[in-house]
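What follows is a short report on a single structure.
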Number of protein chains: 2
Amino acid sequence: MKCLALTILVASSLALAACERQTTGSDAGTPVGPPATTTATPAPEPLLVTARQLFTVIPDTPPELPGNAATPEKVALGKMLYFDPRLAASHAISCSSCHNLGLGGTDNEETSIGHRWQRGTRNAPTVLNAVFNTAQFWDGRAADLEAQAGGPMVNPVEMASPEVHVPEQLRGIPGYRDAFARAFPGEADAVTLANAQKALAVFEASLLTPNAPFDRYLKGDASALSAHEKTGLSTFIDKGCIRCHNGINIGGGMYAKFGVFASPGAALLPPGDKGRFTVTKVDSDAYSFKVPTLRNITLTAPYFHTGTVWDLRQAVAVMGDAQLGSTLTDAEIDALTAFMGSLTGTQPVVTLPILPPSVATTPRPAP
Amino acid sequence: MKCLALTILVASSLALAACERQTTGSDAGTPVGPPATTTATPAPEPLLVTARQLFTVIPDTPPELPGNAATPEKVALGKMLYFDPRLAASHAISCSSCHNLGLGGTDNEETSIGHRWQRGTRNAPTVLNAVFNTAQFWDGRAADLEAQAGGPMVNPVEMASPEVHVPEQLRGIPGYRDAFARAFPGEADAVTLANAQKALAVFEASLLTPNAPFDRYLKGDASALSAHEKTGLSTFIDKGCIRCHNGINIGGGMYAKFGVFASPGAALLPPGDKGRFTVTKVDSDAYSFKVPTLRNITLTAPYFHTGTVWDLRQAVAVMGDAQLGSTLTDAEIDALTAFMGSLTGTQPVVTLPILPPSVATTPRPAP
């Protein structure tokens, strides 16, 4: 959602392509210009040519994680852990509580409810397609899903399990001892927090949403987007949203200062949360945040790291003023949100895992 | 778990059958006596003959609910509602929070954590096979699943949605308006709390656990129970556990006073909770509770309406002292718990529903 106008990560050729689109000035719903090739296959419309330079299709299958091969046993273990509330001190909060796969991989809360009803400090980002983000958390403090998975389990305001307790809890459940041994064969003591993180990472990497209308468009189905959605895509390119929201996740690939042209106000940008600065301690990172993915954005309200904006139209308007220095018209907002609606992919179909049962000696929930 | 020694719901012929088993005095693991018939099929062992008089097999398919036909559309709606945390004022607690289908249909908590981390007053009973209980809740205050489903949504210490808010919330989610219309065709305003309860009931009625070793035994597979489990079954019959724990759910069919022969103590039977009396106001119902099912009992710790006993062996010992007036030996407890382990059936395989998304006008969670 946040664009840093001065940081152009998009190759200049892409920016040029966007400018060209702008100078042609045509209705994005109508293919423009003659075919550029003489083959029998009709040339893709210029908007598609530009889009293909900016964005990548979500694949049907997960990418391989370096040093963490996704065996079926490890994915199955990760799925159990993802849904197991016994990883929380209370035995009442699981990964799926805040990253609900029925709700776009989020909890649709401003900030999440954690241990003893404490509130988190930032909005829970979606787990869907998160494997493709350049880093995890709003401030990018975790390099990848594996590192991220270690956070909430032991965070006192989230699942609140003391770090040493996580493997104790899991070792106390006989079925997990077996499941870890199968997922990490040959390890003398496979039940570790580090292995739990690896298993969670391979499961989460499988949570992809391919086949969005926009992906079908990128693949060459010109009819996958309506004329209005194509207008939105053109606007998205021409207005410069693509400076930050690009790549496979249409976001998720960089950090950007929130409030380049105008402050969005203290409700959206509280002075106490300096974002990326808290990780790097570099002054220029103050109030920078990871640019969130726009994939499945209509499912993942409320918006921004504060979760204070519930209406996608309002979020788009804020972006125009704060990041682009351009007050968007209603028609532009209409088109942009129509385009964003085309970013909803097929949601992952997940069978609820039957969890290994506790026994009399299993550590019990904190009172 | 509770037996009322003076209330014999089992026909006296069954009690006689149990006595006969006792007088034969054989190891229950060994079939006793000659075949009673002259046909080619060997006669079932006497233990099985007795068991068939006391217990019924869990079917593979749900029973029909009177006045509430289970159409696919209604079951699908009920499944969405079951997993939807937006039915709670906080948007953070769903039916599945306390009746987790990965954890035997319970939350494995002494008492459940509800709105603003309030604790419920009694242990959450399993939803699995609950359709076969004579009534719902520990005090039987709901006649059936449909009536039960109306409780937790509006209970201030559970999901805490004001009663009028439930349909408001659901009407505010466009996908639910469609789903209710499909599930309740022909109704002018299908989005009602009453219809939500009906849909939840048909989904919950589908949550059966057939094919437990004990069910395979009842169906005639004499090898489905080990010798030790058969000893446990004999003990279960002979000691009188079957006076209360009988029928299809091996419990769930009657109320029983807790502490017939000896008080289990204030931790297990706090004086402030008079159980069934709170519903009927009949003095003789004081400290009576619905006899819980023993199906999947090894998955549903902790035990009793207080949830204060985590070890099934201890729970069995309490039952001996409090309900049977008989201090059970270690060997008897071993055998009884082995038998109870044979009551775990195939857990329902449920695909997590993708929930209809909220929109900008959808009512938001209570702050």
Exercise. Taking only the range B:314-326 into account, find how many residues are more than 9 Å from chain A (Cβ to nearest Cβ), surrounded by fewer than 17 Cβ atoms within 10 Å (Cβ to Cβ) and either touching a helix residue (DSSP H, G or I) at 6+ places or on another chain (Cβ under 9 Å) or without any contact (Cβ under 8 Å) to a residue 60 or more places away in the chain (or both).
Key: 1
Quiz item: So B:ALA201 fits all but one of (1) more than 26 Å from the chain's Cα centre (by Cα); (2) crowded, with 18+ Cβ neighbours inside 10 Å; (3) aliphatic (A, V, I, L, M); what number is the exception?
Solution: (1)
Quiz item: If a residue has to be more than 8 Å from every other protein chain (Cβ to nearest Cβ) and buried (at least 19 other Cβ atoms within 10 Å of the Cβ) to count, how many in the range B:342-367 make the cut?
Solution: 6
Self-check item: The listed residue being modelled with pLDDT of 95 or more, more than 14 Å from chain A (Cβ to nearest Cβ) and more than 23 Å from the chain's Cα centre (by Cα), out of B:VAL57, B:VAL49
Solution: B:VAL49
Self-check item: Residue ID - surrounded by the most Cβ atoms within 10 Å (Cβ to Cβ), chosen from residues in the range A:327-341 that are touching a residue at least 12 places away in the same chain (Cβ under 8 Å) and farther than 17 Å from A:ASP215 by Cβ
Solution: A:LEU336
Self-check item: Test result for A:ARG171, over 23 Å from A:VAL127 (Cβ atoms), touching a Cys at 6+ places or on another chain (Cβ under 8 Å) and not small (Gly, Ala, Ser)
Solution: no
Practice problem: Sort out which residues of the range B:327-341 are within 11 Å of another protein chain (Cβ to nearest Cβ) and β-branched (Val, Ile, Thr), and write them in order of number. | Solution: B:THR337
Quiz item: Just one of B:PRO302, B:PRO271 is more than 19 Å from B:PHE214 (Cβ to Cβ) and within 14 Å of chain A (Cβ to nearest Cβ); which is it?
Solution: B:PRO302
Self-check item: Conditions (1) assigned to a loop (DSSP other than H, G, I, E, B); (2) surrounded by 19 or more Cβ atoms within 10 Å (Cβ to Cβ); (3) assigned by TED's automatic domain parsing to the domain that holds A:LYS219: number failed by A:PRO271
Solution: (2)
Practice problem: Return yes or no: is A:VAL279 β-branched (Val, Ile, Thr), in contact with a Cys (Cβ under 7 Å, 6 or more places away or on another chain) and not assigned by TED's automatic domain parsing to the domain that holds A:HIS99? | Solution: no
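Let's see how each residue does on (1) surrounded by 23 or more Cβ atoms within 10 Å (Cβ to Cβ); (2) at pLDDT 95 or above; (3) in contact with a Leu (Cβ under 9 Å, 6 or more places away or on another chain):
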site	(1), (2), (3)
B:TRP117	no, yes, no
B:PHE132	no, yes, yes
B:GLN136	yes, yes, yes
B:ALA142	no, yes, no
Practice problem: Determine whether B:HIS91 is over 16 Å from the mean Cα position of the chain (by Cα) and either within 14 Å of chain A (Cβ to nearest Cβ) or surrounded by fewer than 24 Cβ atoms within 10 Å (Cβ to Cβ) (or both). | Solution: yes
Quiz item: Could you list, in sequence order, the residues of the range B:61-88 that are surrounded by 23 or more Cβ atoms within 10 Å (Cβ to Cβ) and more than 11 Å from chain A (Cβ to nearest Cβ)?
Solution: B:LYS74, B:LEU77, B:GLY78, B:LEU81, B:LEU87
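The values are calculated or read from the model by the stated rules, or taken from the named source; none is laboratory data. Nothing here was measured: the structure is a model prediction, and the numbers come from that model. Cβ sites come from the backbone with ideal geometry, for glycine too, and all protein chains shown count toward neighbours.
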